[in-house]
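As structure tokens, the structure follows; a few thoughts come after it.
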């Protein structure tokens, strides 16, 4: 006799549709996908990356294939301190950085560091679906604070903190948020940090898109504004170099870093050394800023194209965000429309396009009339054809 | 005001010395290390691996750098089913395999799948230190069953199961165990499976060393003897190809695989695709069995050398295991000697050799008079010099 009840409670909640389910159901070649948050294939610096792997083996010899440290190679962490200075405006030491398996693992590590079952945490509504999947593993009590055009609703945030004063952290994506593309204003960044001090919580600043700004001026990161070691900053090479490298990093106060290091060792011992030495070699021999500028030019054009088509074709009852950077546009349908049912029903059949419905992007799993569009991965032709098809279809039904 | 009490309870237990602490304290060039469980640097097929990375980029094009699936590429999972057949005697489908960040991540995934706080689990005493660090994150109640020369003490196991009938799983390393080198007999394997049926628990078979047998005959794996989907089998390319690839895999019944896939997505989305395609290319263009035979010849010689020196030089009050394969020999000191204090005190100062003391390798953290020696990584010269120094030092004090 054997029962599925051997599974931990975290796996029995049936939290509903996962993003992988959507992609499984929509995997057909004649659909145009605006679903996954992928970079443009054609924009990978693949020759330089291949050369970087070659160099890593040449430079390091046989030892490159051996076990190495948990934190990641010092030489790469030194280069990351320069990135952190340039792109996040923070002055950190190499010892303050831990390499992770993409930003995703860093989010899991945050859950593992802070969360007991039923602890209170605050997330944006909507938020990154992968963060919810990672944090679900720790069975927190989520409290959702709605996003406004300039970031979290600070009044709602303060009401939530009054109601849940033991809140352990606020998880936020302040720059070109996933999934909305919204950027948090400077005033709200300062207010969030002041509240963190007042209510004694940590801020998890997940900011992988920050490098990719197409309009407007860069605002200070939360980590740069932080005076009291309250921010855990998560970044990644996935959006600016290559996701398949599975390389992200986090930085935090030294006392937290010591705990995160123990957690990283428990999770998978250490990062893949060869990949990290290849990234190090890439950064030594290429101009990352120049590559980011090139990416930004490509993605700016695609964003402008998608915005233009949406503006021209969407009915008035449907609205959407105009992000200054990142990967995503967020579309809001009339409240009566369930974007999941729409996708899996007539949208796939008639418009043959794929998006990520809002349901799974809210901790509550209750808000259903929005969806996320990715504009970085599809070709310009696919954007023209697919988004026109999408908008015309919505015109019929909204 | 900010308090470390924000940390989850799992990080406040102060479970004592970690293996990384030992290596931090002993990192000096004039010490000879038998501590970490490393392959021989000189035995990496580094040219073939470099070529395999090159081929992966050539064959896959730009897409190799993109996001991919959570489970790992189908083509590599197909090849793993062949490995599973040859080395573990099991007939599985590619869909039954998930690629992981080394075997370590698979152990963490097992904890995440099964364990609520304070759940009962059974581990061998001693066991793999990294498994304890991973499972500690789920705050289980450990019950330790002592090892005998032919594997777990089955009488103690049954008594433990009678006392803790809700035990969720038994974690075992049946082949050339880490840290003892002990292999579980066929009778005990059959008994363990019968008990699993009787007491309704899962068996976690962690078997990364199974490929590397230097004497005696291969016994059936627990997975091969399992008729009822009770075994989760964990394996890895770290010991037979290269640890820096950070690639392991697990296989289990289809209903468990579905849960493990959700867990893998939550932990880090997906494995590093380029590395996996390089492994696939390596397996397509090289004879893994031949490489394993070459490794086994190297490691057999080193094992024999270490055993011979220990036999010749150890005092009678000190005993040690003679493993048929794997990476480790386990040394037992008189009960009055604390191997941790010995290491950090006179052993380092006088004998200048490093081992892993037993304390951290028992879930109880209470058994202190043993230590683990690795024989695969040190050179023959280092084995001769270091083990002679160790044995002569022990002769003085035991």
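The values are calculated or read from the model by the stated rules, or taken from the named source; none is laboratory data. Since this is a predicted model, take the numbers as computed values, not measurements. All Cβ positions, even for glycine, are placed from backbone atoms using ideal geometry, and neighbour counts span all protein chains on display.
So here's what we get for this one:
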item	result
In the range A:351-371, residue farthest from residue A:141 (Cα to Cα) [restricted to those that are over 20 Å from the mean Cα position of the chain (by Cα) and surrounded by 21 or more Cβ atoms within 10 Å (Cβ to Cβ)]	A:351
Scan of the range A:323-350 for residues that are in contact (Cβ under 8 Å) with a residue 40 or more places away in the chain and surrounded by fewer than 16 Cβ atoms within 10 Å (Cβ to Cβ), ordered by number	A:334, A:346, A:350
Condition met for residue A:237 (touching a strand residue (DSSP E or B) at 6+ places or on another chain (Cβ under 6 Å) and surrounded by 23 or more Cβ atoms within 10 Å (Cβ to Cβ))	no
The one condition in (1) within 14 Å of chain A (Cβ to nearest Cβ); (2) under 16 Å from the mean Cα position of the chain (by Cα); (3) under 30 Å from residue B:162 (Cβ atoms); (4) surrounded by fewer than 24 Cβ atoms within 10 Å (Cβ to Cβ) that residue B:250 fails to fulfil	(4)
Restricting the range A:1-18 to residues that are part of a loop (DSSP other than H, G, I, E, B) and at pLDDT 70 or above, the residue that is farthest from the other protein chains (Cβ to nearest Cβ)	A:12
Every residue from the range B:305-322 that is surrounded by fewer than 17 Cβ atoms within 10 Å (Cβ to Cβ) and within 26 Å of residue B:235 (Cβ to Cβ)	B:322
Lone unmet requirement of (1) in a helix (DSSP H, G or I); (2) within 12 Å of another protein chain (Cβ to nearest Cβ); (3) touching a residue at least 12 places away in the same chain (Cβ under 8 Å) for residue B:21	(3)
Total residues in the range B:24-50, condition more than 10 Å from chain A (Cβ to nearest Cβ), touching a helix residue (DSSP H, G or I) at 6+ places or on another chain (Cβ under 9 Å) and at pLDDT 70 or above	6
Failed item, numbered, when residue A:177 is tested on (1) touching a strand residue (DSSP E or B) at 6+ places or on another chain (Cβ under 8 Å); (2) crowded, with 19+ Cβ neighbours inside 10 Å; (3) not in a loop (DSSP other than H, G, I, E, B)	(3)
Residue A:326, sole failed condition from (1) within 14 Å of chain B (Cβ to nearest Cβ); (2) in contact with a helix residue (DSSP H, G or I) (Cβ under 9 Å, 6 or more places away or on another chain)	(1)
Selection from the range A:129-146 of residues that are without any contact (Cβ under 8 Å) to a residue 60 or more places away in the chain and either crowded, with 22+ Cβ neighbours inside 10 Å or on the phi > 0 side of the Ramachandran plot (or both)	A:134, A:135, A:140, A:145
Scan of the range A:372-398 for residues that are in a loop (DSSP other than H, G, I, E, B) and crowded, with 20+ Cβ neighbours inside 10 Å, ordered by number	A:375, A:376, A:377, A:378
Positions within the range A:255-284 being under 23 Å from the mean Cα position of the chain (by Cα), touching a residue at least 40 places away in the same chain (Cβ under 8 Å) and outside any helix (DSSP H, G or I), in sequence order	A:270, A:271
Selection within the range B:55-79 - outside any loop (DSSP other than H, G, I, E, B) and either more than 7 Å from chain A (Cβ to nearest Cβ) or on the phi > 0 side of the Ramachandran plot (or both)	B:55, B:56, B:58, B:59, B:60, B:61, B:74, B:75, B:76, B:77, B:78, B:79
Test: residue in the range A:274-288 that is in contact with a helix residue (DSSP H, G or I) (Cβ under 6 Å, 6 or more places away or on another chain) and closer than 27 Å to residue A:383 by Cα	no
The range B:94-113 - residue that is touching a strand residue (DSSP E or B) at 6+ places or on another chain (Cβ under 6 Å) and outside any helix (DSSP H, G or I) and, of those, farthest from the other protein chains (Cβ to nearest Cβ)	B:97
Residue within the range A:114-128 that is within 14 Å of chain B (Cβ to nearest Cβ), assigned to a loop (DSSP other than H, G, I, E, B), in contact with a helix residue (DSSP H, G or I) (Cβ under 6 Å, 6 or more places away or on another chain) and at positive phi present	no
Scope the range A:285-322; condition without any contact (Cβ under 8 Å) to a residue 60 or more places away in the chain and not in a helix (DSSP H, G or I); matching residues	A:287, A:316, A:319, A:320
Residue, farthest from the other protein chains (Cβ to nearest Cβ), within the range A:225-247, restricted to residues that are part of a helix (DSSP H, G or I) and touching a helix residue (DSSP H, G or I) at 6+ places or on another chain (Cβ under 6 Å)	A:225
Which numbered condition residue A:216 misses (of (1) touching a residue at least 40 places away in the same chain (Cβ under 8 Å); (2) within 29 Å of residue B:269 (Cα to Cα); (3) touching a strand residue (DSSP E or B) at 6+ places or on another chain (Cβ under 9 Å))	(2)
Out of B:194, B:166, sole residue that is assigned to a helix (DSSP H, G or I), surrounded by fewer than 24 Cβ atoms within 10 Å (Cβ to Cβ) and modelled with pLDDT of 95 or more	B:194
Residue under evaluation residue A:131, criteria (1) within 14 Å of chain B (Cβ to nearest Cβ); (2) assigned to a loop (DSSP other than H, G, I, E, B); (3) under 16 Å from residue A:204 (Cβ atoms), criterion not met	(2)
